[in-house]
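Beneath this line is the structure, given in structure tokens, with notes to follow.
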Amino acid sequence: MKTLETVNSRALSSVKSQSVGFRLRSEDVALLDHYAQLEDRPRAYMLKKLFLNGMRAYEREKGLAP
């Protein structure tokens, strides 16, 4: 699994000036907390990781990724 340090910075820079909101179900939050505990990371780290992985997948799907 890649770390956030190796995340494509272009995906992050493309949303810096935009507001992004999403909702998680309580069972998703519980699962997120479980993975955060396994990696000894805070919930915010895992949310950022989840969001950036989604951005990369979206770019690949739309043919925007290099």
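When you count, for each residue, the other Cβ atoms within 10 Å and take the mean per peptide, how do 42-49, 28-35, 57-64 rank with the highest first?
Ranked from most to least packed, the peptides come out as 42-49, 28-35, 57-64.
What full-extension length gain, to one decimal in nm, is calculated for Leu38 and Lys62 as 0.36 nm per residue of separation minus the Cα-Cα distance? Show your work: numbers first, answer last.
Details: separation 24, 0.36 × 24 = 8.64 nm, distance 3.23 nm.
Length gained between Leu38 and Lys62: 5.4 nm.
So if we plug the beta-carbon distance of Phe51 and Ser26 into 1/(1 + (r/R0)^6) with R0 = 25 Å, what FRET efficiency do we get, rounded to 0.05?
Numbers: r = 19 Å, r/R0 = 0.75.
It comes to 0.85.
Computed from the coordinates by the stated procedures, all read-outs in this text should not be read as laboratory data. All values reported here derive from a predicted model rather than from experimental measurement. In this analysis, Cβ positions are derived from the backbone assuming ideal geometry, glycine residues included, and neighbour counts consider all displayed protein chains.
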